[in-house]
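The values are calculated or read from the model by the stated rules, or taken from the named source; none is laboratory data. Everything numeric here is computed off the predicted structure, so don't read it as measured data. Ideal geometry is used to build each Cβ from the backbone, glycine not excepted, and the neighbour counts take in all protein chains shown.
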Amino acid sequence: MYWDVQSSCYGRKQTPSRDWPTSICIRIRCPLPNHTMANLPPELVPSIIGNHSTSLALALVNKYYNDIVTQILYKDVALFGVGTLKKFSVTMAAGRPFLRKYPVSLRINSWPYSWGGIVYLLPDIKQTLMHVPNLQYLNIFSAGDDPIPRYLVEEPQYPFRLRQILITPFRDSVFVKFLETQPEIEEIIFGVIDGDGTSRGQTWRADITPLQPKILPKLRSIQSHQSDISFMVPHHPVSEITLFETHRDTEIHKEIAKSSVPLKRLAECVEISEQPWESGLVLRWLPSLEFCWRSLSEYSLEIDPFPQRDFPCSICSFLKEREAPSYGLDALRNSLSAFSVLKKFNFNFRNDSLYDLTPEFCQTVPELSRFDVWQESCPSLVEVSLFKIILKEM
């Protein structure tokens, strides 16, 4: 039995389409009889969701599908633009109450150049958050001077308990009080996004003491700048860290070592300013990670060798400056022998536009073409990525 289904709805949504945050105009032919749809187990619905138009059309003509598809559509919500935010806020605050239990993940993009007049919508954003009790993942993309983050964390009385948050923090006592109301947070991503899309760090106010262990007792992962690592990692069970900025010294490792649990994953960037290029890494940087030699399983190390003008401007020319058979990569490889449980090692340049290695050149360098030489130095390795060349255990 086949049906032709054609539905069109615009503006404020009417039953049954009022549950969706988008306008719909669909025409399909569906080979499913009505009794089959009614008896299809909910766990099989995602197999149909792959065809978005079909799923929406089925939901329009069948209450069973309406209930299930609506739940799936509202699980992960992304809001871009004033109109979308306003409609979603009305739906959550004044619409059908059963929809409030569905959102688990919410992403709000509030970059000033993409949103006009955002200030007058701040109450709507907060009202929305007051009506999503099952929210676990909150991402708010904003610029450094955006008023949204501060407004949202002031006097927080939200019904949800987050597990992850991405936000531009105001590094003061107000933000700390907000964190105190969210004891289930496991992952934090901080950063100030400038108008050009770059990330810049800020420092915490001098009168604010480092985060107490009773605040965020389950924090295990943080992606941010050095000031935030120093403020939040000590005496917390943080085992995964991503550092945003480029570092010139190893002082940050002393702060990371203050975590209450062994470090398992680390991503960082080092400025290279001496010759030979690998000397600073081998003699100072990697030895400063002694506190995690027996625990680190994934290590991503980027280098920035171009703050000095006399450095070459490509990977190939950079390596050839080092007049040695392996261009210094053998010294880096041998230094990994200190890491007893390291499984994945990623080594790259900071600048993605500089990857110019050819297959012919790589074949002349064992470290760029053979995984076994890396495994000889560090037997626990299962994958190495060098300048985006991936070597794996076969």
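One residue stands out among those in the stretch 164-221 that are among the small types (G, A, S) and surrounded by 14 or more Cβ atoms within 10 Å (Cβ to Cβ): the one that is modelled with the lowest pLDDT, which is S199. Meeting the requirement of 1 or more residues that are of a type in the set (A, V, I, L, M, F, W, C) and over 29 Å from S273 (Cβ atoms), the helices (runs of 4 or more DSSP H) wholly within the stretch 343-394 are 371-377.
Scanning the stretch 245-297 for residues that are charged (D, E, K, R), in contact with a Lys or Arg (Cβ under 8 Å, 6 or more places away or on another chain) and in a loop (DSSP other than H, G, I, E, B) yields one hit, E278. Selection within the stretch 347-357: residues that are surrounded by fewer than 17 Cβ atoms within 10 Å (Cβ to Cβ) and in contact (Cβ under 8 Å) with a residue 40 or more places away in the chain. The member of this set that is nearest to L286 (Cα to Cα) is R350. If the condition is being part of a loop (DSSP other than H, G, I, E, B) and buried (at least 20 other Cβ atoms within 10 Å of the Cβ), then the stretch 120-159 contributes H131, V132, L135, S142, D146.
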